[in-house]
Amino acid sequence: MKRTQLSATQMRVHPALDVARELTRAWSKRDWPAVIRLIHPPAVESAKQHAVEWERRNAVWQRQRVASPKRVTMLQIIYRVSTIEELEQLPASEVLTRLLRARYYDKEIPSSDAVLGVVDEGGDRAHAILRKPQWRSDRPDWDCVDVLTLVQTNSGWRALLNCDLVFDARGGTGIGVSKEQLEEAERELGTQKG
């Protein structure tokens, strides 16, 4: 892997910094439409494609595992639809909004002042460094930072979906379901536990 020494000029205030700060402010308020406006549109489309592909694989697994069709599925809990075809009909921004709502239902999110700075990679790519929420109160020495990649577009700087916003470092979403989310989905979809 090629290593690059950063110069003082590369560490200066970067125009992507304002976008990164705006995104973390919206993220901290769980204002998903504002977050999505700051995401690079192809990344939003890619998130929908990833969701549909994942749910197709998951449907095969569910058919093999679950005998009762009355059981609430992740498709219903996350996206509030009953079929993959319904998921495919949703606009990409709505798929991503529903995914973000599910992912951050009760998960701690970065504060609005999480952005520590931006490093310019050159050209149309920069990386914002964010301080992540402290996840172990008993271990204050376990600080963690993450990197949010931004790209220059015709509409200005826009974020990609890394930095644990949607996808973690391994490309997964890391969504777990709380009892409250399950009950909400059951009420909304009129599904009884069975």
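All of the numbers you see were taken from the coordinates with simple rules; none came from a lab. Source: prediction; values computed, not measured. Quick reminder, even Gly has a Cβ in these numbers, built from the backbone with ideal geometry, and neighbours come from all protein chains shown.
Spacing of the modelled spin labels on E180 and I129, each 7 Å from Cα toward Cβ, amounts to 3.4 nm.
Taking label positions 7 Å along the Cα-Cβ direction at both R56 and L116, the computed distance is 4.0 nm, reported to one decimal.
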